[in-house]
Amino acid sequence: MKLNITKYNICSDKFSCKFDKLRIAVLSDLHDTVHGEDNARLFELVCNEKPDIVIIAGDLVTARNGRDYSPALTLLKRLAENWPVYYGFGNHEQKLKEESADYIQKIKMMQGVTLLDNESIDIKDYGIRVTGLSLSKRFYKKGKKILPKLYDIKKVIGEKSDMYNVLIAHNPVFFETYAEWGAELIFSGHLHGGIVRLPFVGGVLSPQVRFFPKYDKGMFKRGESTMIVSAGLGKHTIPVRLWNPAELLIIDLKNKN
């Protein structure tokens, strides 16, 4: 499977004055896919980019009986041995959590991995708060679009901080609500780039069986909020990625000051 790297630069004057740049590698929607033996090719790409931290934007695995989660766990362990890893839930992690699956217990116990299940962590040297938003399964139902309200978000993650707020929010469909909450930067995935991409059109289909999703992949802005949507690293449900290569995101946060 073809694997691309997409890079973005984000500038702000809200960062701590102690640093010039923070490089983030973002992995989303791997869905148990293996890039090289034990994901060696994917790991090597991350290494070559020399990130400061790694963010998992959900669905590293597929929640299904009989799945072998060892490739994802091996990759996660290797990443955590080299960089701080901040892991936000996708809908598949949410399902595994509700089923009390061993996978969730194993990543909770993994040294170097911070699981952000409706939780936040302050990276004070950079003046950044990273929050992982875990939405319940009702917001992922196929054929339906149930929009979370601002109070739904505040109920589980509280108010935004005075720091620069990075929100890991797996489903990009709800960008307007994330922006209303006040996130300066949102990392999402879930839509797999629209599964099939057409020139001048973009993604064709979402996992919720909606055609031509608005936030299929790339960078989107609304007021002071920026959302970056990954096309994902694997395949799920439909075993193809036509004109839609897998994608590793590299984001450089730069201090305007």
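The values are calculated or read from the model by the stated rules, or taken from the named source; none is laboratory data. Since this is a predicted model, take the numbers as computed values, not measurements. Positions of Cβ are generated from backbone atoms using ideal geometry, with glycine treated the same way; all protein chains shown enter the neighbour counts. Areas reflect the complete protein model, heavy atoms only, side chains present, ligands, DNA and RNA absent. Shrake-Rupley method; radii C 1.70, N 1.55, O 1.52, S 1.80 Å.
Tabulated values for the structure
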{"item": "Net charge contributed by nearby residues that have their C-beta within less than 14 Å of Gln105 (K/R +1, D/E -1)", "result": "-2"}
{"item": "Rh (Kirkwood; distinct C-alpha pairs) - the chain, Å", "result": "18.2 Å"}
{"item": "Debye-sum result for the stretch 9-102 in log10 I(q)/I(0), which assumes one identical scatterer on each alpha carbon, at q = 0.13, 0.22 Å⁻¹", "result": "-0.50, -1.13"}
{"item": "Share of alpha-carbon pairs per 10 Å distance bin for the stretch 121-163, given as whole %", "result": "23, 41, 25, 10, 1"}
{"item": "The chain - mean residue ellipticity at 222 nm from DSSP helices (-39,500 (n - 2.57) per run, n ≥ 4, rounded to 500)", "result": "-5500 deg cm²/dmol"}
{"item": "Kirkwood hydrodynamic radius (C-alpha pairs) into Stokes-Einstein, the stretch 128-227, 25 °C and 0.890 mPa s, D in µm²/s", "result": "175 µm²/s"}
{"item": "Solvent-accessible area, 1.4 Å probe, carbon plus sulfur percent, for the stretch 1-119", "result": "43 percent"}
{"item": "Separation between Cα centres of the stretch 100-118 and the stretch 20-38, rounded to whole Å", "result": "17 Å"}
{"item": "Theoretical gain in end-to-end length, Lys124 to Glu176 [0.36 nm per residue, Cα-Cα removed]", "result": "16.0 nm"}
{"item": "Surface per residue (accessible, 1.4 Å probe) for the chain, Å²", "result": "46 Å²"}
{"item": "Other-chain or far-sequence residues with amide H under 5 Å of His236's (modelled H)", "result": "none"}
{"item": "Restricting the stretch 106-215 to chymotrypsin sites (Phe, Trp or Tyr not before Pro) in coil, as DSSP defines it, with at most 12 other Cβ within 10 Å", "result": "Phe200"}
{"item": "Those residues of the stretch 218-257 whose amide nitrogen sits under 13 Å from the label point placed on Lys106, 7 Å along Cα→Cβ", "result": "none"}
{"item": "Karplus-derived 3J(HN,Hα), 6.51/-1.76/1.60, for each residue of the stretch 89-106, Hz, glycine and proline x", "result": "6, x, 5, 6, 5, 4, 5, 5, 5, 5, 8, 6, 6, 4, 4, 5, 5, 5"}
{"item": "Simple Cβ-charge dipole of the stretch 44-194, Lys/Arg +1 and Asp/Glu -1, about Cα centre, in debye nearest 20", "result": "720 debye"}
{"item": "Per-residue ³J(HN,Hα) for the stretch 53-60, Karplus 6.51 cos²θ - 1.76 cosθ + 1.60, θ = phi - 60°, Hz, x for Gly and Pro", "result": "9, 10, 10, 9, 9, x, 6, 5"}
{"item": "Under 11 Å, Cβ to Cβ, from Asn255 - net charge with Lys/Arg +1 and Asp/Glu -1", "result": "+2"}
{"item": "Mean-position separation - Cα centroids, the stretch 39-82 and the stretch 189-257, in angstrom", "result": "19 Å"}
{"item": "Where labels lie 7 Å past Cα in the beta-carbon direction, separation of Lys21 and Phe200 in nm", "result": "3.6 nm"}
{"item": "In nm, spacing of pseudo-spin labels at Lys7 and Ala40 (7 Å Cα→C-beta vector)", "result": "2.6 nm"}
{"item": "Only Lys, Arg (+1) and Asp, Glu (-1) charged, at Cβ; the chain dipole about Cα centre in debye", "result": "780 debye"}
